[in-house]
Amino acid sequence: MSPMDQADPRRNADVASALREAEEHYVAANPKSQAQHRAALAAMPGGNTRTAIFYTPFPLTMARGAAQHLWDLDGHRYVDFLGEFTAGLYGHSHPVIRAALDAALDGGISFGAHGALEAQFAAAIVARFPSIELVRFTNSGTEANLMALVTARAVTGRSKVLVFDGAYHGGVFYFRGKPAPINAPFAFVIAPYNDAAATLALIERHADDLAAIIVEPMLGSGGCIPAEPAFLAALRASATRVGALLVFDEVMTSRLAPGGLQQATGVLPDLTTLGKYIGGGMSFGAFGGRADIMERYDPRRADAFPHAGTFNNNVLTMSAGLAGLTRVYTAEAAEALNARGDRLRARLNALTRDRGLAMQFTGLGSMLQVHMCAGALRSPADAARGDAALRDLFFFDLVARGHWLAKRGMAALSLMVTEADCDALAGAVEEFVATRGALLGQRVGA
Ligand SMILES: Cc1ncc(COP(=O)(O)O)c(C=O)c1O
């Protein structure tokens, strides 16, 4: 019996005690993960090497995955609705990806030379994303953004970079809340997301020294908040006017349409960065775009920019990425997965709307995020109205029910998640709103 079955709503008259009880259950159910966390403290700060996956009282340690499932150290099985924060689009050990990795391993993995697959993989990316005429590979999305921004600074001869409040572009580009003290030491101008008037005013003010405007066409870790098409179009026009490069960070959003959100919105950036699932589950990043900019990386040129990277063309990523993009996540597969996500989000939103609850799911296609508040969500400031403790309670309740998602309430469907899994998730959300409904705020006017 799950804690939700046992929960007596009358005992949980307030969110704090409900959350305390859910955490107590979590601790009792996961002794091996707790022991693993304690052991990890000896060699890693906080026992952690990736801040996004840490949470208190201690994070679960997963022992293995297969298809759409994960098993933790204590033997609980989960349907993996997190999909590795969008990178796990192919699920666990997809047979085509697995075969591509096996084939790469059979051929040896470190050549210190060009391999045969990287040109095919690059061609598949160029064919897929409308604004990418030439592309270069990196090892992560962070590195891809670093390369895009230093490229913009070098070709424009300017220094400033306009970013958006609530954005996340990697480990050294953190703008959720206060910018991180360890951010790359660029001169950042921070603008409000989806606010064209205020952003355009900032662009004008810094026009002479603005190298780049970098934007996620939907804020991913910032709450799955889509950019309004008119906002993106305004950025495009303004970047062109002042001579700054427009960079779309499509590390997460490239999966939301066959050619990414640039294709879906029709707004084409000068440079695009990619990452996550495109490497087929292996370490991956890429930056690409207008040929006249990317040609600066042609090593045959006397004035070429150098861009090294031991693992840029590592054969595991090249092989898995090529197989995934050309044989698994085809344009048709992308349409189908995103349609499934749209249906799921609509269904979850209907559950909370019908009850007049201050709870909603944002996102596009196969990416979604729960927010414990009502009303339009156009910016991280709007999302900050959500009740964080209730969102934590949602996480612990869903984990107890066997559904794995991010602690902050984000989910990304993999190709392995079935319609039945979506039904089960909707059932768990329905149970959450039934058992915890008294704790959830009512929408004004509901
Ligand atoms: C929009 C966006 N850009 C960049 C990154 C950084 O990618 P990576 O974790 O591969 O460095 C992320 C990672 O979550 C992301 O969501």
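The values are calculated or read from the model by the stated rules, or taken from the named source; none is laboratory data. Since the structure is predicted, the reported quantities are computational estimates derived from the model, not experimental observations. When we count neighbours, we look across all protein chains shown, and the Cβ atoms used for this are built from the backbone with ideal geometry, even at glycine. For accessibility, only protein heavy atoms count, side chains too; no ligands or nucleic acids. Shrake-Rupley method; radii C 1.70, N 1.55, O 1.52, S 1.80 Å.
Give the lysines whose C-alpha is closer than 28 Å to that of K160, dropping any in the same chain fewer than 8 places away, or say none.
K178, K276
What is the gain in length, in nm to one decimal, between A237 and R98 on full extension, counting 0.36 nm per residue of separation less the C-alpha to C-alpha distance?
Taking A237 through R98 to full extension adds about 45.7 nm, to one decimal.
Which aspartates and glutamates does K32 reach when only Cα atoms under 13 Å apart count, and residues fewer than 8 places away in its own chain are ignored?
List returned: D72, D74.
Over what distance in Å are the Cα centres of the stretch 222-301 and the stretch 150-200 separated?
Measuring centre to centre over Cα atoms gives 15 Å.
Tally Lys/Arg at +1 and Asp/Glu at -1 over every other residue whose Cβ is under 15 Å from the Cβ of D298; what's the total?
+1
Quick one: length gained pulling R300 to A336 fully straight, 0.36 nm per residue minus the C-alpha distance?
8.7 nm
Tally up the carbon and sulfur contribution to the accessible surface of the stretch 181-271 as a whole percent, 1.4 Å probe, everything protein left in place. Can you show the working numbers first?
Values: 1800 of 2860 Å².
The value for the stretch 181-271 is 63 percent carbon and sulfur by accessible area.
How do 257-264, 212-219 rank on mean C-beta neighbours within 10 Å, highest first?
Ranked by mean Cβ neighbours within 10 Å, highest first: 212-219, 257-264.
At 1.4 Å probe radius, can you tell me the per residue accessible area of the stretch 17-72 in Å²? List each step's numbers first, then the result.
Working: 3090 Å² over 56 residues.
Normalised by residue count, the accessible surface of the stretch 17-72 is 55 Å².
Leaving ligands, DNA and RNA out of it, report the carbon-plus-sulfur percent of the accessible area of the stretch 292-445 at a 1.4 Å probe.
53 percent
Give the ranking of M44, M252 by solvent-accessible surface, highest area first, calculated with a 1.4 Å probe.
M44, M252
Need the C-alpha centroid separation for the stretch 53-81 versus the stretch 104-135, integer Å.
32 Å
Using a 1.4 Å probe on the protein heavy atoms, what percent of the accessible area of the stretch 1-141 belongs to carbon and sulfur?
Values: 4230 of 7440 Å².
Here it works out to 57 percent.
Let me see the pair-distance distribution of the stretch 292-357: every alpha carbon pair, 5 Å bin width, integer percents in order.
Reading the bins upward from 0: 3, 13, 10, 10, 11, 12, 11, 9, 7, 6, 5, 2, 1, 0.
Within a Cβ distance under 14 Å of V150, other residues only, what is the Lys/Arg minus Asp/Glu net charge?
+4
With a ≥ b ≥ c taken as the square roots of the eigenvalues of the C-alpha gyration tensor of the stretch 65-137, please select rounded if a/c is under 1.5 and otherwise prolate if a/b is larger than b/c or oblate if it is not? It would help to have the intermediate numbers written out before the result.
On the way: a/c = 3.07, a/b = 1.62, b/c = 1.89.
Verdict is oblate for the stretch 65-137.
Ranked highest first by average number of other Cβ atoms within 10 Å, how do 174-185, 221-232 line up?
Going from most to least packed, we get 221-232, 174-185.
Please sort 114-124, 296-306 by packing, taking for each peptide the average over its residues of neighbouring beta carbons within 10 angstrom, highest first.
114-124, 296-306
On a full-extension model of 0.36 nm per residue, what is the gain between N349 and R50, subtracting their alpha-carbon distance, rounded to one decimal in nm?
104.5 nm
Can you give the Rg to Rh ratio of the stretch 137-226, both from alpha-carbon atoms, with Rh computed by the Kirkwood formula? Before the final figure, lay out the partial values.
On the way: Rg = 12.6 Å, Rh = 13.4 Å.
Over the Cα atoms of the stretch 137-226, Rg/Rh equals 0.94.
Using a 1.4 Å probe, what is the accessible area per residue for the stretch 113-240, in Å²?
Here the residues of the stretch 113-240 average 38 Å² of exposed surface.
Counting only heavy atoms of protein chains, what accessible area per residue, in Å², does the stretch 345-446 have with a probe of 1.4 Å? Write out the running numbers ahead of the final one.
Values: 3540 Å² over 102 residues.
Counting only protein heavy atoms, the per-residue value for the stretch 345-446 is 35 Å².
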